[in-house]
Amino acid sequence: MTTCTLILYYPVEAVSGPCYNNIIAFLNSSGTTKGNITYDSDNNFLFFNVNEDERLRIESGGDVGINTSN
């Protein structure tokens, strides 16, 4: 998978590829991604990861899921 990386301002990193998800990653002091905001461009939803787990998702129709698995 090809991705492009653009550092906006430490510790925020924006990552996107030509036809993949668009990601804003939040790094800790050691450079490890612990949280991110991702737009899934194939399935048209936005989700938020906190402490490496998905916590919130906004579907293309406007439905919002918080700490749900379905």
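If a residue must be open to solvent by 50 Å² or more (accessible area, probe 1.4 Å) and not acidic (Asp, Glu), how many such residues does the stretch 29-45 contain?
Final tally of qualifying residues: 8.
Return the residue satisfying two criteria in turn: it lies in the stretch 43-64 and is of a type in the set (D, E, K, R) and in contact (Cβ under 8 Å) with a residue 12 or more places away in the chain, and of such residues it is nearest to residue 25 (Cα to Cα).
Top of the filtered list is 52.
Quickly run through the stretch 1-50 and pick out the residues that are at pLDDT below 85, closer than 28 Å to residue 61 by Cα and hydroxyl-bearing (Ser, Thr, Tyr).
Hits for the stretch 1-50 are 3, 16, 20, 41.
The values are calculated or read from the model by the stated rules, or taken from the named source; none is laboratory data. Small disclaimer: the values here were computed from a predicted structure and weren't measured. Positions of Cβ are backbone-derived with ideal geometry, glycine not excepted, and every protein chain shown enters the neighbour counts. All accessible areas refer to the heavy atoms of the entire protein, side chains included, with ligands and DNA or RNA removed. Shrake-Rupley method; radii C 1.70, N 1.55, O 1.52, S 1.80 Å.
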